[in-house]
Number of protein chains: 2
Amino acid sequence: MNKIMGARTSFRNINTYANRGMSLEADLKASNDYYLANDIAVIYKKPTPITISKVNYPSRADAVIKEGYFRTPSTTDYNGIYKGKYIDFEAKETKLKTSFPLNNIHPHQIIHLKKIYKHGGIGFLIVRFTVINKTFLLPIETLSNFLDESTRKSIPLSYFEKYGYIIKDKYNPRVDYLNVIDKLYFGGNV
Amino acid sequence: MNKIMGARTSFRNINTYANRGMSLEADLKASNDYYLANDIAVIYKKPTPITISKVNYPSRADAVIKEGYFRTPSTTDYNGIYKGKYIDFEAKETKLKTSFPLNNIHPHQIIHLKKIYKHGGIGFLIVRFTVINKTFLLPIETLSNFLDESTRKSIPLSYFEKYGYIIKDKYNPRVDYLNVIDKLYFGGNV
């Protein structure tokens, strides 16, 4: 925490992200930029996977894609390293007020996160309920329990409130999920 | 090593990759598929980053990209987890016989790998000299030394032979770079 707070003075580029109501993706980008600029963690969103079927090559440097299709991702959107640990997560928003539909997450993304956990990494979901403006971190080990014990097709908000960890709204970084990771995996108290 | 060898019997899907002369990218895909199928490691190539400027949406599921451009990647192509450690690397082929031109690697990719090392991850280059069919692993800490001490615009083959680690050609996985990682970072002898 001291490192994060202490680093604020050296922060320069991300002020433009301070406005409220931005998408979770934009907030995470700003947060990951902040972590990177302040040498806290190296975490990126992966590019969207695309199958390219037609390309124009007027010259080698100026290729233009003329036809392409979105592929289903094999993994989660975000990964990287923090304090020597492999970090891997998927982030989703929902407009629903009382539950998060599981069809927002591909089954192979859940399988992927379970593998990450098994191999000693830190895997989780970040879910934002936009209407109430609450953002939760749910570790994959907790999500696994839910899926083992429930046949529901959505995770109730009350489950996030009981078993997840709220990511407090901050000025900078906007979505300080590593603060929760610190407390969960590096000896702090939540 | 035992784990890798022992796992061979449970291997099923990747036999079609056994032919020689495939590209390094295809060999790495087959190797990463092998590691994944045998629960050895979870390592993926990132999608190619693309800026999309025109999309047709005949329906939500059938979006077709009509115009897009290749972006310069911010990071390396490959990352994932092995034995609890964060793994990150870039892979390149060269047709040259005696050196690997450094303009094959973007400067920010080298900066990225240095950051990975600093944060406790394992970062490296895999370079294949296609004409002599030799594939080397060069740890980022070694590459950093080279860049600090040399003003050359290419790394001589002799440098790879002296300071890099050859990745032996195998049947399966084709490019067993984790065997080198085992020896370098998990207590084996090279």
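Cβ-Cβ distance below 7 Å, separation of 6 or more or different chains: which pairs start in region A:39-56 with a residue that is touching a residue at least 12 places away in the same chain (Cβ under 8 Å) and end on one that is part of a strand (DSSP E or B) and small (Gly, Ala, Ser)?
Between residues of region A:39-56 that are touching a residue at least 12 places away in the same chain (Cβ under 8 Å) and residues that are part of a strand (DSSP E or B) and small (Gly, Ala, Ser), the close pairs are A:41/A:80; A:42/A:80; A:43/A:80; A:44/A:80; A:50/A:68; A:51/A:68; A:52/A:68; A:53/A:68.
Taking region B:134-162 as the region of interest, how many residues are out of contact with any strand residue (DSSP E or B) (no Cβ under 7 Å at 6 or more places or on another chain) and not aliphatic (A, V, I, L, M)?
So the answer is 13.
Of everything in region B:24-74, what is among the hydroxyl-bearing types (Ser, Thr, Tyr) and modelled with pLDDT under 95? Give them in sequence order.
The answer is B:48, B:51, B:53, B:57, B:59, B:69, B:72, B:74.
Of all the residues that make up region A:67-81, how many are at the interface with chain B (Cβ under 7 Å from one of its Cβ atoms) and either touching a helix residue (DSSP H, G or I) at 6+ places or on another chain (Cβ under 7 Å) or among the basic types (Lys, Arg) (or both)?
So the answer is 3.
Given the structure, is residue A:59 of a type in the set (S, T, N, Q) and surrounded by 15 or more Cβ atoms within 10 Å (Cβ to Cβ)?
no
Quick grid of which residues meet (1) of a type outside the set (Phe, Trp, Tyr); (2) within 14 Å of chain A (Cβ to nearest Cβ); (3) without any contact (Cβ under 8 Å) to a residue 40 or more places away in the chain:
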position: B:84; (1), (2), (3): yes, yes, yes
position: B:105; (1), (2), (3): yes, no, yes
position: B:134; (1), (2), (3): yes, no, yes
position: B:141; (1), (2), (3): yes, no, yes
position: B:159; (1), (2), (3): no, no, yes
position: B:177; (1), (2), (3): no, no, no
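What single numbered condition from (1) under 16 Å from the mean Cα position of the chain (by Cα); (2) at the interface with chain A (Cβ under 10 Å from one of its Cβ atoms); (3) charged (D, E, K, R) fails to hold for residue B:93?
(2)
Which condition number in (1) buried (at least 20 other Cβ atoms within 10 Å of the Cβ); (2) of a type outside the set (A, V, I, L, M); (3) in contact with a Lys or Arg (Cβ under 7 Å, 6 or more places away or on another chain) is the one that residue B:68 fails?
(3)
With (1) touching a residue at least 60 places away in the same chain (Cβ under 8 Å); (2) crowded, with 19+ Cβ neighbours inside 10 Å as the list, and residue A:171 as the residue in question, which single condition is left unmet?
(2)
Give, as residue ranges, the strands (runs of 3 or more DSSP E) completely inside region A:106-163 that count at least 2 residues that are surrounded by fewer than 19 Cβ atoms within 10 Å (Cβ to Cβ) and polar (S, T, N, Q).
The strands (runs of 3 or more DSSP E) meeting that bar number zero.
In region A:169-177, is there at least one residue being at pLDDT below 95 and of a type in the set (Phe, Trp, Tyr)?
The answer is yes, given that some residue of region A:169-177 is at pLDDT below 95 and of a type in the set (Phe, Trp, Tyr).
Quick one: in region B:82-93, which of the residues that are surrounded by fewer than 20 Cβ atoms within 10 Å (Cβ to Cβ) and in contact with a helix residue (DSSP H, G or I) (Cβ under 7 Å, 6 or more places away or on another chain) is nearest to residue A:119 (Cα to Cα)?
Only one residue fits best here, namely B:92.
Can you tell me which residues in region B:138-162 are of a type in the set (Phe, Trp, Tyr) and either within 16 Å of residue B:116 (Cα to Cα) or out of contact with any helix residue (DSSP H, G or I) (no Cβ under 9 Å at 6 or more places or on another chain) (or both)?
Of everything in region B:138-162, just one residue is of a type in the set (Phe, Trp, Tyr) and either within 16 Å of residue B:116 (Cα to Cα) or out of contact with any helix residue (DSSP H, G or I) (no Cβ under 9 Å at 6 or more places or on another chain) (or both), namely B:160.
The values are calculated or read from the model by the stated rules, or taken from the named source; none is laboratory data. This structure is a prediction, so every number in the text was calculated from the model and none was measured. Neighbour counts are summed over all protein chains in view; Cβ atoms, including those assigned to glycine, are modelled from backbone coordinates with ideal geometry.
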